[in-house]
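Written out below as structure tokens is the structure these notes cover.
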Amino acid sequence: MTHAGTNATLIVGKVKVSLFERMAIRVLVCPDSFKGSLTSVEAAEAIVRGIRIGAGENCFEVTSLPLADGGEGTVDALVRATGGVIRHTRAHDPLGREIDSFYGLIGDGKTAVVEMAAASGLTLLSQSERDPLVTSTYGTGELLMAAANEGVQEIIVGIGGSATNDAGYGALRALGARFLDKNGNELPDGGGFLAELEQIDLSGFAFPIDKVKVVVACDVRNPLYGPMGAAAVFGPQKGASVEAVERLDNGLRRWAEVVKEQTGKDVANLPGAGAAGGLGAALAAFLNAELRSGIDIVLDAVGFDRYLSDTDLVITGEGKLDEQTGFGKAVGGVLKRASGAGVPVIALAGSCAGDLRNLYDEGLTAAFSIVPGPMTVAYAMSHAQELLMSLAANVSRLVVAGSLHTLRTERCCR
């Protein structure tokens, strides 16, 4: 775990040690956001500061690489990692109000990144405003069109954190499509009216599908409708009542029927079709989009595997570690690649819940919660930065102590 470098000194317990004839430990710090508390950038900064507090300036060579899995923070993570730029633009929020929004261009200038949450996200609405019967993805379509007009060859679309359940109808309307009822009238915004759909008019559809490849960053595998579909699983957290869930589900079924009749594409059971209230299905059906694991898209885009070739230890993290972490979440994606490359991984989290043996079986070295003792969830979230920094400091000292043990063992065996 160590290699040639300068000497450094650390106090471990009451012992002053010189590190080492060959030094520094190369650490890749790559957390996701701690939702509700820290962005991935803020989390990475806290971990880096903690490492330096715990082990000094010279014990570690630290590389910071904040990540995201397709939800909030995806644009920022990719732009920062690739030397890209943020483009600011106006768009409409889930209730049709004009807002300041953004998308990104990554460093190669050929790829744009659109974050659905920047225009159609749940965090843009107050609790009382959340109603997927009327919320729309129109603003996401505006961001897609703005990105396409940059002349890019590819658009990565992160579709986490949505406030909508309209099967992407709003986004497609922003791109020029029209969704009509039996009287030829265009449907109102929102998923509550899709059951009335009779015809899709694409005569004004303006997105350049022949020139721009669309890749959807998606971390769920749910079908479009049914017991595991978009409305049943995700509708309640977006404000849907029991009655509203049934109405939304019927609308998604009708939407899928009309799409199949007119285009020949059956996307209802496509893994990820139910993501973001059906936006995944819409992008696949009308933009020929490829749906992929969000964290894999991000890791590929930032060149994560190249970083691993020069790394001794990975420190990652997110708000919560549990049995689902290994399935499409950021920490799970990092762990899969790092363990495959033989690099140990330590995960820091707001909480560690349930049985984590599947993560250890995948190669996780250790997991730690930032909560050192009894405290309220509200306190932990409001003090997440300092708690994470303190934990990182302790972990860094533990890593150094383990490296000392390895070094002494090597000396004894000479």
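Derivation of every value follows stated rules applied to the coordinates shown; laboratory data play no part. If you're wondering where the values come from, they're calculated on a predicted model, not measured in any experiment. Methodologically, a virtual Cβ is constructed for each residue, glycine included, from the backbone with ideal geometry; neighbour enumeration extends over all protein chains shown.
Here are the numbers for this structure:
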| item | result |
| --- | --- |
| Taking N as its residue count, the alpha carbon Rg of the range 256-414 over 2.2 N^0.38 Å | 1.38 |
| Of SER126, SER293, SER241, the one that fluctuates the most in a GNM where the chain has Cα springs shorter than 10 Å | SER126 |
| Summed residue charge, Cβ within 10 Å of GLY121's Cβ, Lys/Arg positive, Asp/Glu negative | -3 |
| Length released on extending from SER382 to THR63, taking residue separation times 0.36 nm less the Cα-Cα span | 112.2 nm |
| Ranked SER382, SER136, criterion: other C-beta atoms within 10 Å, fewest first | SER382, SER136 |
| Gain upon complete extension [ASN149, ILE53; 0.36 nm per residue less C-alpha separation] | 29.9 nm |
| Base-10 log of normalised Debye intensity for the chain (one unit scatterer per alpha-carbon) at q = 0.13, 0.14 Å⁻¹ | -1.05, -1.17 |
| Potential extension, SER128-ALA341 segment - 0.36 nm per residue separation minus Cα distance | 71.9 nm |
| Lys/Arg +1, Asp/Glu -1 at C-beta; the chain dipole; positive extreme among ALA148, GLY373, GLY229 | GLY373 |
| Calculated FRET efficiency for the pair ASN185/GLU323, C-beta based, R₀ 45 Å, to 0.05 | 0.40 |
| Distance in nm between pseudo-label sites at LYS213 and LEU398 (7 Å out along the Cβ direction from Cα) | 4.1 nm |
| Sequence of GLU115, GLU362, GLU290 once ranked by neighbouring C-beta atoms within 10 Å, starting from the fewest | GLU290, GLU362, GLU115 |
| Rg/Rg_globular for the range 74-296, with Rg_globular taken as 2.2 N^0.38 Å and Rg from C-alpha atoms | 0.93 |
